[in-house]
Amino acid sequence: MIRKFLIACAVLALAAPASARELWTKDQANAWYGQQKWLVGANYINASAINQLEMWQAESFNPAEIDRELGWAQAMGLNTMRVFLHDALWAQDAAGYRKRIDTFLTIAANHNIKPLLVLFDSCWDPHYQLGPQHPPIPGVHNSGWVQGPGTKALNDPAQEPRLQAYVKGVVGAFANDKRVLGWDVWNEPDNPVGQYADDVPAKIARVAVLLPRVYEWARSVNPTQPLTSGVWHDAHWDRLDGLNPIEKTQLTQSDVISFHDYSWPETFEARAQSLTVYGRPLLCTEYMARGNGSTFDTILPLGKKLNVAMMNWGFVNGKTQTDMPWDSWQRPYTMKPPTIWFHDILHTDGTPYRAREVEIIKSLTAR
């Protein structure tokens, strides 16, 4: 059965349309960006889901909750969301998963929100399991988030046809869909995730080989939306000769340039300015960690001034517990909560953690 599945995946993956497109030119990328409103949103997962699997699996997919939460997003002026998918769900039931993605896109479009969809992710737990997910670990940041593909699939060359079929299948299904903003092909692909004992050098070496292929697979189905993958290391991004192979791929194969920054406004501005050498639109697809000095008060106005699309981490505080700081992995906040929320904007009932932040978002997006 497994052999037949892999053969079928290989056949599907190799069937690319003759019109497979190239990397967008700078003019094409900037023309696309010029047609968008200033893009402001969050990294989104509904409050009752601990990870991508729980958000999307048929048994736990919650359209009513998603509709309610995206309504709150629309009310404060957000017009995009960065949303993580998972390859294992496509392999499990491609038709059902495609239908649920379509349902999500319909809900988002009803609230004038165009999502940026993430295909793969190298952060947190590399050993995912389909089915019911474990409850949150008390006091720990993102205690149930999973990688995709995980360690087993990443290190098994026989799995590559399945990954190829997933990329071509999901991007191909929505390649001409105006409800989709774009495709973030791999989140922090070279993140070592020190909380887990996997062979980090082997993981990064394998990702360095796969990432260019993922760009090729996605382009082969001719998406009308841009492809990207965000650089995130503390590095001189304006000089390719000082970057690792993964970062070079990200910056040379992305139609639009994306990056992550959770630091002070001075650092954010310097990093954003360094990326202007590539002459492409800039998307900050992760920012806002209050305890790190990255706040809506200081960073979002800079994004507006620099014309950078802005997507903070976290929207509604829920099972991901990303109000907890990163250091909660070393010392869980079980005795008392952190002094300030690290991420997230709203409580589960839709009330703001800090009303002034919502006022800032409304003000800046309304101009």
Is there a residue in the range 267-279 that is in contact with a Gly (Cβ under 6 Å, 6 or more places away or on another chain), touching a residue at least 12 places away in the same chain (Cβ under 8 Å) and closer than 17 Å to Asp184 by Cβ?
-> no
Residue count, the range 124-136 (criterion: hydrophobic (A, V, I, L, M, F, W, C) and crowded, with 17+ Cβ neighbours inside 10 Å) = 1
Could you list, in sequence order, the residues of the range 34-93 that are part of a loop (DSSP other than H, G, I, E, B) and of a type in the set (Val, Ile, Thr)?
-> Ile45, Ile50
Conditions (1) modelled with pLDDT of 90 or more; (2) farther than 22 Å from Gln52 by Cβ; (3) of a type in the set (A, V, I, L, M, F, W, C) -> Val185 fails only (2)
With the condition kept exactly as written, say whether any residue in the range 137-148 is closer than 22 Å to Asn62 by Cβ, crowded, with 17+ Cβ neighbours inside 10 Å, small (Gly, Ala, Ser) and in contact with a strand residue (DSSP E or B) (Cβ under 6 Å, 6 or more places away or on another chain).
-> yes
Note on Ala218: of the conditions (1) in contact with a Phe, Trp or Tyr (Cβ under 8 Å, 6 or more places away or on another chain); (2) of a type in the set (A, V, I, L, M, F, W, C); (3) surrounded by fewer than 23 Cβ atoms within 10 Å (Cβ to Cβ), unmet is (3)
Among all residue pairs at least 6 apart or on different chains, which show Cβ distances below 8 Å where the first residue, located in the range 355-367, is loosely packed, with under 12 Cβ neighbours inside 10 Å and the second is part of a helix (DSSP H, G or I) and of a type outside the set (Phe, Trp, Tyr)?
-> Arg356/Asp297; Arg367/Lys304
Determine whether Arg162 is part of a loop (DSSP other than H, G, I, E, B) and touching a residue at least 60 places away in the same chain (Cβ under 8 Å).
-> no
Could you tell me whether Asp234 is more than 15 Å from the chain's Cα centre (by Cα) and either over 20 Å from Trp24 (Cα atoms) or surrounded by fewer than 22 Cβ atoms within 10 Å (Cβ to Cβ) (or both)?
-> yes
Do you know which residues across the range 54-86 are of a type outside the set (A, V, I, L, M, F, W, C), within 22 Å of Gln133 (Cβ to Cβ) and in contact with a Gly (Cβ under 9 Å, 6 or more places away or on another chain)?
-> Glu54, Gln57, Glu59, Arg68, Glu69, Arg82, His86
Residues (under 21 Å from the mean Cα position of the chain (by Cα) and over 17 Å from Tyr262 (Cβ atoms)) located in the range 322-350 | Leu346
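Could you grab me the full set of residues in the range 51-69 that are aliphatic (A, V, I, L, M) and either at pLDDT below 95 or over 15 Å from the mean Cα position of the chain (by Cα) (or both)?
Ala58, Ala64, Ile66
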If we only count strands (runs of 3 or more DSSP E) wholly inside the range 250-367, which ones have 3 or more residues that are hydrophobic (A, V, I, L, M, F, W, C), more than 14 Å from Gly41 (Cβ to Cβ) and touching a Phe, Trp or Tyr at 6+ places or on another chain (Cβ under 9 Å)?
-> none
What are the residues in the range 304-334 that are surrounded by 22 or more Cβ atoms within 10 Å (Cβ to Cβ) and without any contact (Cβ under 8 Å) to a residue 60 or more places away in the chain, if any?
-> Val308
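The values are calculated or read from the model by the stated rules, or taken from the named source; none is laboratory data. Remember, predicted model here, so these are calculated numbers, not experimental data. Please note: Cβ atoms are built from the backbone with ideal geometry, for glycine as well, and neighbour counts cover all protein chains shown.
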